[in-house]
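> Can you keep this structure in mind? I'll have questions shortly.
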Amino acid sequence: MSNKLSRRDFLKYTGMGSAAAFAAAYGMPLGTALAQAPAGDTEGHLVIYNFGGTEQQRMFGNAIARFNERYPNVLVEDLYIPWPEGWGHYITNLKLRAASGLKTDIIAIAIEGTRETIFEDLVLPMDDAIAADEDLAAIVDEVEPVLHNALKGPDGQTYYFTREWNNMIIHYNPVKFEEAGLDPPAEDWTWEDFLETASILTHGEGGDKQFGFAIPYFNFGLTPWWHTNGTSTLTPDWSQSNLDDPKMLESVKFVHSLVHEHGVAPSVEGVNPYELFPAGTIAMTGAGRWPFDTYVTTGYSDVDITPWPRKRAGTTVFGSGGWAVSKTTENVPLALELIKDLAAFETDMEAVAVGTSLPARRSATENELFNSFPANAHRFFGSLEDIKPVPSPENFAEVESIFMRHMDQIMANSLTPEQGLEMAHIELSAAMDKLAERLASG
């Protein structure tokens, strides 16, 4: 067979068949086949399974427009899901699409769902494509390694190109600190420093009550308390429950005490810290970059950021999201060309302007737009010096549900921290054993 490709043959194997079939037909390595960019007049239809808010939809719409400048005959359908209430639901719908044969070419998901999509064989490994394509390799090289590596599969292969990330960091009101005669928090402050500070910032009664801190009460928001105490809900390999670790009990008791012993934080039931903070009802809370969009649009500027207080380690938690090529796509090279625009530097710069997440590239933050607000904006990327991903096994939704259900009972004083963690450990251990069986049989 001649190795000279006609345009018709190229479109046949890259538009109507898989890249693997194309490579096999012409005796090429798969990476080489993937590196062949489709012709600019290629016709096609790509569907993105995507998530986010209105600003993200506009941002990625601009990326699609840039792609269509190169490929004007390709229709791109952005199947946009508003911020998911849970990644388990998002992944379930994705699996239903696959089972129903509905077209999906590119998948966007956060770290909480990456391992499930990899195990369910919904996405393609990308190492060969990255090795063969300078543009894809550049995208990977420009992203902080800790962000890229967090999205890899258990086999060490790359499946996702990083699109964004968020961490947990302390948001504080410098005006309230000054009024209380307090210096800004030191970068190496401790749990004890934090508690003392929160106590000073807590005063008043009834409707005039000001709390020093509002607990970001969700799995991701609580995780820094575990990480800064050298522990976590799961073992380091995310395979077993770690809720019987004495350091987990110590951490949960500390969080519980902020409300029920020291009274420096309001009850977690029905409380939204991201409404209380700009309203001036609290002096500190924890978040990533996502509230800054609201701060800017509402004209709220009395905010700065500082690292999470430490117990045993000066660390925190992060979660990243990525773009993957669906296993069912009929045009891998074309899907990769679209990902180049979705994950481009221009998209990262728009993410800086939007303010709801952190861009994948540090270089996109080296400008006045990013660093003008808050004053210590550099601390977002500074946190990557010592940071850990949110534990995200294949059964993440189940793990999160088990833990938070028992935390609810602990924070409501229906169970003591000891009782709640013991019960959660038993249930979570059983769930992880079932996961191990599923992975072994899969």
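> Within region 243-278, count every residue that is under 15 Å from Gly420 (Cβ atoms) and open to solvent by less than 60 Å² (accessible area, probe 1.4 Å).
Adding up the residues that qualify gives 12.
> With respect to Ile426, determine if the residue is aliphatic (A, V, I, L, M) and crowded, with 21+ Cβ neighbours inside 10 Å. Lay out the reasoning, then the answer.
On the way: aliphatic (A, V, I, L, M): yes; crowded, with 21+ Cβ neighbours inside 10 Å: no.
Taking the combined requirement at face value, the residue does not satisfy it.
> Oh, and also: Report the residue count in region 247-294 for those that are closer than 19 Å to Ser414 by Cα and either outside any helix (DSSP H, G or I) or polar (S, T, N, Q) (or both). Let's see the steps before the verdict.
The initial filter retains those residues of region 247-294 that are closer than 19 Å to Ser414 by Cα, namely 248-263, 265-271.
Those left that are additionally either outside any helix (DSSP H, G or I) or polar (S, T, N, Q) (or both): 251, 257, 261-263, 265-271.
Residues flagged as closer than 19 Å to Ser414 by Cα and either outside any helix (DSSP H, G or I) or polar (S, T, N, Q) (or both) within region 247-294 amount to 12.
> Cβ-Cβ under 6 Å, sequence separation 6+ or interchain: first residue in region 271-294 and aromatic (Phe, Trp, Tyr), partner in a loop (DSSP other than H, G, I, E, B). Which pairs?
Hits for this filter: Tyr274/Pro291; Trp290/Thr356; Phe292/Gly355.
> Among the numbered criteria (1) touching a helix residue (DSSP H, G or I) at 6+ places or on another chain (Cβ under 9 Å); (2) free of Cβ contacts under 8 Å to residues at least 60 places away in the same chain; (3) not polar (S, T, N, Q), which single criterion is violated by Ala138?
Status for Ala138: all satisfied but (1).
> Any idea which of (1) part of a loop (DSSP other than H, G, I, E, B); (2) farther than 24 Å from Leu439 by Cα; (3) open to solvent by 30 Å² or more (accessible area, probe 1.4 Å); (4) not β-branched (Val, Ile, Thr) is the one Asn229 doesn't satisfy?
Asn229 satisfies every listed condition except (3).
> Sticking with this structure for a sec: From the list Asp155, Asp133, Asp121, Asp141, which one is of a type outside the set (A, V, I, L, M, F, W, C), surrounded by 14 or more Cβ atoms within 10 Å (Cβ to Cβ) and more than 15 Å from the chain's Cα centre (by Cα)? Give the steps one after another, and end with the answer.
Values: Asp155 fails: surrounded by 14 or more Cβ atoms within 10 Å (Cβ to Cβ); Asp121 fails: surrounded by 14 or more Cβ atoms within 10 Å (Cβ to Cβ); Asp141 fails: surrounded by 14 or more Cβ atoms within 10 Å (Cβ to Cβ).
On inspection, the qualifying residue turns out to be Asp133.
> For region 349-361, what are the residues that are part of a helix (DSSP H, G or I) and within 12 Å of Thr162 (Cβ to Cβ)?
Initially, region 349-361 is screened for residues part of a helix (DSSP H, G or I), giving 349-354.
Ala351 - this is the single residue of region 349-361 that is part of a helix (DSSP H, G or I) and within 12 Å of Thr162 (Cβ to Cβ).
> Filter region 190-200 for residues that are within 25 Å of Ile387 (Cβ to Cβ) and open to solvent by 10 Å² or more (accessible area, probe 1.4 Å); which is nearest to the chain's Cα centre (by Cα)? Walk me through it before giving the result.
So in region 190-200, the residues within 25 Å of Ile387 (Cβ to Cβ) come out as 190-195, 197-198.
Now restrict to residues that are open to solvent by 10 Å² or more (accessible area, probe 1.4 Å): 190, 192-193, 195, 197.
Values: Thr190: 26, Glu192: 29, Asp193: 29, Leu195: 28, Thr197: 30 Å.
Applying the filter and picking the extreme gives Thr190.
> Would you tally the residues in region 350-365 being open to solvent by 50 Å² or more (accessible area, probe 1.4 Å) and either on the phi > 0 side of the Ramachandran plot or at pLDDT 95 or above (or both)?
Number satisfying all stated conditions: 2.
> Please go through (1) open to solvent by less than 10 Å² (accessible area, probe 1.4 Å); (2) out of contact with any Lys or Arg (no Cβ under 8 Å at 6 or more places or on another chain) for Gly299 and return the number of the only condition it doesn't satisfy.
(1)
> Residue pairs, Cβ under 9 Å, 6 or more apart or interchain, first in region 96-118 and at positive phi, second among the β-branched types (Val, Ile, Thr). List them.
So the pair list comes out as Gly101/Thr328.
> Of the residues Phe380, Phe373, Phe345, which single one is under 26 Å from Ala63 (Cα atoms) and crowded, with 19+ Cβ neighbours inside 10 Å? So that I can check it myself, show each step before the final result.
Numbers: Phe373 fails: crowded, with 19+ Cβ neighbours inside 10 Å; Phe345 fails: crowded, with 19+ Cβ neighbours inside 10 Å.
Every option except Phe380 fails the conditions.
The values are calculated or read from the model by the stated rules, or taken from the named source; none is laboratory data. These numbers were taken from a predicted model, which means no experiment stands behind them. All Cβ positions, even for glycine, are placed from backbone atoms using ideal geometry, and neighbour counts span all protein chains on display. Keep in mind that these areas ignore ligands, DNA and RNA; they rest on the heavy atoms of the full protein, side chains included. Shrake-Rupley method; radii C 1.70, N 1.55, O 1.52, S 1.80 Å.
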